[in-house]
């Protein structure tokens, strides 16, 4: 890795680790999610990488934000409302550790949009189970440059040609590639994961 890239990565990582949203001094994390204006050039639209939850494709339309994420056997959706630099959202995740026996987990979360000293756009956040917004652990991400999200503003995945975008994740999770039973009642309440 080039020295200037290594320094930029180290600065971004230090920002992520030192944030109260990552398990710092604020017990509930809610104190670190004060409203404020979106940084210049900021938008929740983009492709993001989260060390905890993998690649996330998100689209913001006005105050509404929808997203899809995937890491290993996890496939999830988020839907929320942005207010300046803060995004409060609901998430729903499907994991299939045993073929044909998916489990679904739901909760809430919050992201704070931050631009680092190196110019990198970051999301610093937390998740919680059920009606809890925090308490489950960190959920952080940074924007991947020069990538366009493969998701429409209504939350549906766009078709992609590389075979590894959200539309393919939806087909996998819905059983079209054999990873789960087609037509099974998975309790997703109409979300086509």
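The values are calculated or read from the model by the stated rules, or taken from the named source; none is laboratory data. Small disclaimer: the values here were computed from a predicted structure and weren't measured. For neighbour counting, all protein chains shown are included, and Cβ atoms are generated from backbone atoms with ideal geometry for every residue, glycine included.
Scoring residue 118 on the criteria (1) modelled with pLDDT of 90 or more; (2) surrounded by 16 or more Cβ atoms within 10 Å (Cβ to Cβ); (3) in contact with a helix residue (DSSP H, G or I) (Cβ under 6 Å, 6 or more places away or on another chain); (4) part of a loop (DSSP other than H, G, I, E, B) leaves a single failure, condition (2).
All conditions but one from (1) more than 17 Å from the chain's Cα centre (by Cα); (2) on the phi < 0 side of the Ramachandran plot apply to residue 126; the one that does not is (1).
When each of 116, 62, 80 is tested for being free of Cβ contacts under 8 Å to residues at least 60 places away in the same chain and over 13 Å from the mean Cα position of the chain (by Cα), the lone residue that passes is 62. Only a single criterion out of (1) surrounded by fewer than 20 Cβ atoms within 10 Å (Cβ to Cβ); (2) under 21 Å from residue 35 (Cβ atoms) is not satisfied by residue 111, namely (1).
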